[in-house]
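Note sheet for the following structure.
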Amino acid sequence: MTVLEGLLKKIILHLVIICTAAFLVSCSMENYPVDHEQLSEEERIVIRFSHVVGEDTPKGLASRRFAELVEERTDGFVEVQVFPNSFLYRDGEELDALLKGDVQMIAPATSKIASVVKEWQVMDLPFAFESAEEVKEYISSPVGKVLTKKLEQEGMYFLSFWDNGFKQMTNNQRPLYEPEDFKNLTFRIMESEVLEEQFHLLGAVPHVETFDQVFPILEKGELQAQENTFSNIVNKNIHSVQDYMTVSNHGYLGYLVIMNAEFWQGLPDEIQIILLDVLQEVTEWEAELAEEVNQEKYEFLNTCHCIEIHQLSEKEKLLWEEALNPLYDSYVERFGAEYIDFIPKFKE
């Protein structure tokens with residue numbers, strides 16, 4: 001063998017070794033993907049999701065399910081950190097925190113959003129909707145798309161709408177049958193001009209208080225009454241400090257799942273797709289859950305012998321609607337009839 005032949009043989013042998021090593025590394029990488037859970041917070045995408053209700057409410061359970069599915073489908077690359085029960089921010093603070101970027105995701109009641117986009121108060125109009133399906137029909141309508149676009153203009157990106165249920169009236173003074181029964185009752189309300197005017201029209205005295213303060217103020221007797229869903233009433237133990245409940249279904253309580261718009265726009269396309277896909281799945285699950293939980297809590301209240309329950313009759317409902325009709329005229333004067341026209345019962 002010549003020196004040249006020996007040299008060529010060595011070169012070929014080295015090339016075979018290098019190619020074999022590269023092939024083995026490639027297979028190894030394919031068989032053993034990166035464990036994103038071992039990455040630091042700086043290397044992962046972290047979404048802080050703050051909300052104000054309990055973990056066992058429909059919103060609380062849905063937010064936790066959302067976090068679990070996102071972590072699973074991104075192999076831990078995206079971590080959703082859920083902070084329930086006003087752990088980080090009270091409901092009067094979380095919207096400001098989102099806009100500042102201190103949290104990336106919240107799910108406030110539509111009434112809370114109205115402090116920034118006042119047209120959203122359309123959702124607080126009494127007896128506007130008969131079912132959760134009608135609410136979703138409105139949100140997905142052309143006027144609903146205008147409302148969600150207004151959120152984006154204010155730095156919020158609309159992702160989904162989660163159900164809670166219809167609100168009922170409770171108090172510790174007397175049964176509420178007719179509008180006259182509301183006279184001088186002090187009511188806790190969410191921050192909303194429509195809700196404030198609603199109780200003024202009924203002769204009551206509204207006071208804005210954050211959700212985490214509902215039970216303490218009622219327990220201390222600082223206020224006498226409130227409105228809420230069956231699930232929130234039971235989960236916050238409100239029924240234990242109230243004597244009367246009227247099942248009125250007068251207003252719908254739902255949540256806008258929103259993200260800081262700048263943060264959303266900075267996410268990679270593939271992550272946005274995964275988040276939206278998971279949200280669609282969780283939203284359908286949450287809707288069924290909200291209905292089940294509210295029915296379960298209503299049955300509990302109906303059998304606990306802890307609060308007197310009155311079911312609003314059709315005749316009584318008409319009296320309430322008549323007393324509250326001026327709210328619609330007031331809304332139209334301020335924001336225009338187009339937002340009212342798309343409410344299902346007014347559509348031609």
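Values as computed for the structure displayed
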item	result
Pairs with Cβ under 8 Å, 6+ apart, first in the range 296-318 and in contact (Cβ under 8 Å) with a residue 12 or more places away in the chain, second in a helix (DSSP H, G or I) and among the aliphatic types (A, V, I, L, M)	Lys297/Ile233; Lys297/Val234; Phe300/Val234; Leu301/Ile233; Leu301/Val234; Ile307/Leu301; Ile309/Leu301
Residues being surrounded by fewer than 22 Cβ atoms within 10 Å (Cβ to Cβ), in contact with a helix residue (DSSP H, G or I) (Cβ under 7 Å, 6 or more places away or on another chain) and β-branched (Val, Ile, Thr) - total across the range 223-264	2
Residue tally, condition open to solvent by 10 Å² or more (accessible area, probe 1.4 Å) and either in contact with a Ser or Thr (Cβ under 9 Å, 6 or more places away or on another chain) or in a loop (DSSP other than H, G, I, E, B) (or both), over the range 53-70	3
Lone qualifier among Phe199, Phe215 - being touching a residue at least 12 places away in the same chain (Cβ under 8 Å) and open to solvent by 40 Å² or more (accessible area, probe 1.4 Å)	Phe215
Positions within the range 168-192 being among the charged types (D, E, K, R), closer than 29 Å to Gln104 by Cβ and modelled with pLDDT of 95 or more, in sequence order	none
Leu267 being under 30 Å from Ser50 (Cβ atoms) and either touching a helix residue (DSSP H, G or I) at 6+ places or on another chain (Cβ under 9 Å) or modelled with pLDDT under 95 (or both)	yes
Residues located in the range 272-294, provided they are in contact with a strand residue (DSSP E or B) (Cβ under 9 Å, 6 or more places away or on another chain) and surrounded by 13 or more Cβ atoms within 10 Å (Cβ to Cβ)	Ile274, Leu275, Leu279, Val282, Thr283, Glu286, Ala287, Leu289, Ala290, Glu291, Val293, Asn294
Qualifying residue in the range 222-241 (condition: free of Cβ contacts under 8 Å to residues at least 24 places away in the same chain and among the small types (Gly, Ala, Ser))	no
Residue ranges of helices (runs of 4 or more DSSP H) in the range 182-264 with at least 3 members more than 28 Å from Tyr138 (Cα to Cα)	214-219
Helices (runs of 4 or more DSSP H) within the range 71-157 that include 2 or more residues open to solvent by 10 Å² or more (accessible area, probe 1.4 Å) and within 19 Å of Leu279 (Cα to Cα)	132-139, 142-153
Filter result (open to solvent by less than 40 Å² (accessible area, probe 1.4 Å) and outside any loop (DSSP other than H, G, I, E, B)) within the range 298-309	Leu301
Any hit, the range 310-323, residues being open to solvent by 70 Å² or more (accessible area, probe 1.4 Å), closer than 18 Å to Lys167 by Cβ and of a type outside the set (Val, Ile, Thr)	yes
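The values are calculated or read from the model by the stated rules, or taken from the named source; none is laboratory data. All values reported here derive from a predicted model rather than from experimental measurement. Backbone-built Cβ (ideal geometry, glycine too); neighbour counts: all protein chains shown. For the accessible areas, the whole protein counts, side chains as well, though only heavy atoms, and no ligand, DNA or RNA atoms are used. Shrake-Rupley method; radii C 1.70, N 1.55, O 1.52, S 1.80 Å.
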